[in-house]
Structures are given as structure tokens and as C-alpha cells.
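Structure, as C-alpha cells:
Readers should treat all values here as calculations from the given coordinates under stated rules, not as data from a laboratory. Fair warning: this is a prediction, and the values are worked out from it, not measured in the lab. We place every Cβ from the backbone using ideal geometry, glycine too, and count neighbours over all the protein chains shown.
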Amino acid sequence: MPNMSPALVFSALFVIAVVAMVATKLWLASRQVRFVAAHRGAVPVQFSATIPLSAHQRAADYTITRTRLGVLEILLSAVVLIVLTLLGGVQALDLGISGWLGRSYAGQMALVAAVLAVSGIVELPLDYYRQFVIEERFGFNRMTKRMFFVDRIKGLLIGAVFGIPLLFVVLWLMQQAGSLWWLWTWAVWVAFQMLVLVLYPSLIAPLFNKFEPLKDEALRARIEALMQRCGFAAKGLFVMDGSRRSAHGNAYFTGFGAAKRIVFFDTLLDRLSGSEIEAVLAHELGHFKRRHVVKRMAVTFAISLGLLALLGWLSQRVWFYEGLGVRPSLLGGNEGLALVLFFLAVPVFLFFVTPLGSLSSRKHEFEADAFAATQIDAQHLVNALVKLYEDNASTLTPDPVYTAFYYSHPPASQRIDRLLAHA
């Protein structure tokens, strides 16, 4: 791009990336809607004996409805992004806040909070519609409006308790730790993530849900025997009152090290038999045995190190700020601006590597299924999955390209075919 300043070049690249991202998202969403709608009229042959046509059509309608809302989110998010950057939204916020609080730590933290508030306010009506219109229409919503807003207030308070000290430390390091501040920040970030993993099960999660020890002695004995066979130690087996908010069912591991615990949604226990619950847990234990959690954490930490190094370089380039619609202060104190602009712009460029993360996740799911099949009868896991697909209205016929791009779990047909090969 001859005769263009670095700022204009970066602006042009950013616009191209935003347009490409939005166009790709809309194209994928349209493919998903068309494909699911085209296969709505008949249950796939391999599920014809287990899932009724009415359930298959409900899943198709649910998927299409959520995807169409996603289209609105894509467009709205793109508008907000452009308004905040190239149309001067961040610049206006920065001028207003710095005029009030200066470029002190308080002023920079207020800028970050203001941008987060704008994004949250824009997303709130869509979240409300998803919960009280779509989830309600398809019979999943169990949440009251009061609970909806209380949850968000709790989330804001928790974010403030943990986020404000972390943000202060990051801004302090950016100003005081020299050219390698990003390396020290990475170390703090890793320590923070590990702390949250330890505190989440016993301190944070109980603020939103009730957790009670698993009382079914027969099921407990079955699960403990499975864990012993797999060499897995957990701090406890708990049942979560997921039915207070949703009819969706799930099970998961949480915590880290000695704080690990296994959590079952009460909706899951109500729907599955003992052998099916054991099969679901065997799959989750497969992630543990194949060290998927550790591998994902290692990849996440490596990527975060690279991104912080990139931020360390970009934060010293005036064209980075100007290319995103902001004039940095000549007197310094631009660290908050750098953080805000970086975390607004980077997801646009990283979007195009989404399929790599999805592919890795699907590979891990296949590996966890294969491990489960060595511990239990694979047919039990197949039965559990079929029930969960039906109960959660998960479409059995997603678009292959959409799946390859976004899906963290393999499509139902592929997953069950592989499991049946182990049966």
C-alpha cells in the first residue's frame, strides 16, 4: 500500500479482517440453517429406532432459532466494534475519563471498566431474549427474571473482586517492569488462573448453585470403583441443582490438584440409568487419563505468552493506536488504552484459527470416548449420548463445514459410529 502511513495501513488491514470475519460467520450460519432445515423431515437412519421424529424436528427448530439469533449477535458485535474503534468510541471514553481522573491507575482502570460495560450493556438484551424467549419456547428455561439479574450482579461483583487487583497489577507492571513487563505479566496471569482453578469449586461456584454430596449409595459405589480402576482421586462427588436454571443436563470435573471434584447436574441423574451415568463419567475420566486438561492449559498459557509479547511490542507503536481510531497521550499513561484496543482487535485476527482449536477438541473427545470404551460397555455410553442429544435438543444433522469450524465435540453420527466399533 504505497504512500499510506502505517496507521492507515493497519486501519485497512483491520477493516479487511472485520469484513472477512463477519462474512465468514454469516456464511457459516446460513449454511447451518439451510442444512439443518433440509434434513428436518427425517431422522437419520442410525437414530430412527431411538429418537422420534418429533424430537428430531424440535432439535432442528431449536438449532435454527439459536443460529438466527447468533446472526443478530454477529452484526451487532461488529457494529459495536467499529463504533468503539474506528468511529472514535474508545477515544471519546478516554478523553472523558482522563479529563476527570487523569491518566492515573484509577483513570486507566475506569477506561477498561467503561469499555467492558458498553459491551455488557449491548449483550444483555440478547442474553435476556435467549433465556426467556428461546429457552422458554423450547422448554429449557427454569430461571426466574430475578435470578437472571441476580446472577449478573454476582458475576459483576466477583469480576470486580478478582479483576480489579489483577488489572492494577498488570497496569503497574506495564509502567514499572521495563521492556519485559509482558513476561512478568504472563507469570502473574498463569498464577491467577491456577488460583481461580483452586478457588472456583469451593468459593465461587457455590455462589450460584447448591452442591450436595451424591446420596445414591449404589451409584456412588459404582462411580468410586470406576475411579479406582482409572487411578483417579477426587475430593468428592456432588450433585448440582442445575434444574433451578435449565432443563439441560451435564456432568463435569472442576478444581485442580487436591481440590478436584466431580459434579453431576441433577437433571442428568434424573434422566440416565446407573450404567449410563458411569459411562458418561468414564468419558470424563478419559480426558484425565489422556491429560487433555493439562495439554489445553499448556497451549493456552503458550498462546497467552505470545499474545502478551505481541502486546508489549504493539503498545510502543503509535500507529497501533491511531490505526484503531485513538490518539495516544504524548505524556504517557496509555497502558489502559493499549489493553483495551488489543483485546478488541486481536479476536478479529484470531478468529481464522478457530478451526484448529475445534479440530483439537474433537480429537480429544474421540480419545476420551475410546478410553471410556475400555472401562465400560460402549453401548452404555451410546445410550447415554442418545438421551442427552434428545433431551438437550442437539441437532443430529449439523452442516459439515459449520461443524468443522465451530464444533468442539464430534457430530452425533461420527461419535456414535466410532463407539459402536468398540462395542
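Of the peptides 16-28, 153-165, how do they stack up when ordered by the mean number of other Cβ atoms within 10 Å, highest first? Spell out each step's value before the answer.
Numbers: 16-28: 15.9, 153-165: 12.8.
Highest to lowest by the protection proxy: 16-28, 153-165.
In nm, what is the difference between 0.36 nm times the number of residues separating Leu157 and Ala42 and their Cα-Cα distance? Present the calculation step by step, with values, prior to reporting the outcome.
Values: separation 115, 0.36 × 115 = 41.40 nm, distance 4.75 nm.
Going from the current span to full extension adds 36.7 nm.
Where does helix 354-375 land angle-wise versus the long Cα axis of the chain, in degrees 0 to 90, nearest 10?
30 degrees
What are the ³J(HN,Hα) values, in whole Hz, obtained from phi via the Karplus relation 6.51 cos²θ - 1.76 cosθ + 1.60 with θ = phi - 60°, for each residue of region 159-175 in sequence order, with x given for Gly and Pro?
x, 5, 4, 8, x, 5, x, 4, 4, 4, 4, 4, 4, 5, 5, 4, 8
Using a 7 Å offset from the Cα along the Cα-to-Cβ direction at both Thr374 and Arg146, what is the distance between the two label points in nm, to one decimal?
Calculated label separation equals 5.1 nm.
Report, in whole Å, the centroid distance computed from the Cα atoms of region 304-337 and region 220-250.
The two parts, judged by their Cα centres, are 46 Å apart.
Starting from the 7 Å offset along Cα-to-Cβ, what nm value, one decimal, do you get for the label separation of Ser275 and His422?
My value for the distance between the label points is 1.6 nm.
Can you tell me which of 233-239, 262-268 comes out highest on packing, and rank the rest after it, using the mean Cβ neighbours within 10 Å? Each step should come with its number before you reach the end.
On the way: 233-239: 16.3, 262-268: 21.7.
In descending order of packing, they fall as 262-268, 233-239.
Could you check which residue among Leu203, Leu324, Leu13 shows the biggest mean-square fluctuation in a GNM of the chain with a 10 Å Cα cutoff?
Taking springs between Cα atoms under 10 Å, the residue moving most is Leu203.
Taking Cα atoms, how many degrees apart are the long axis of helix 292-314 and the longest axis of the chain, rounded to 10 and kept between 0 and 90?
With both axes taken from Cα atoms, the answer is about 10 degrees.
So how much slack lies between Val190 and Asn209, counting 0.36 nm per residue of separation and subtracting their Cα-Cα distance, in nm?
4.2 nm
Which residue fluctuates the most in the chain, going by a Gaussian network model with Cα springs under 10 Å, if the choices are Gln228, Gln175, Gln57?
Most flexible of the set in this elastic network: Gln228.
Between 0 and 90 degrees, rounded to the nearest ten: what's the tilt of helix 181-199 against the longest Cα principal axis of the chain?
30 degrees
Over the Cα atoms of region 339-392, what Rg and Dmax result, in angstrom?
So, for region 339-392, Rg and Dmax equal 17.7, 51 Å respectively.
Below 8 Å, C-alpha to C-alpha, sequence gap of six or more: please give me the relative contact order for region 250-340 in percent.
Working: 40 pairs, mean separation 14.0, N = 91.
This gives 15 percent for region 250-340.
Order these peptides, 190-199, 78-87, by their mean beta-carbon neighbour count within 10 angstrom, highest first.
78-87, 190-199
Between Ala106 and Ala309, what is the label-to-label distance in nm when each label sits 7 Å out along the Cα-to-Cβ direction?
3.8 nm
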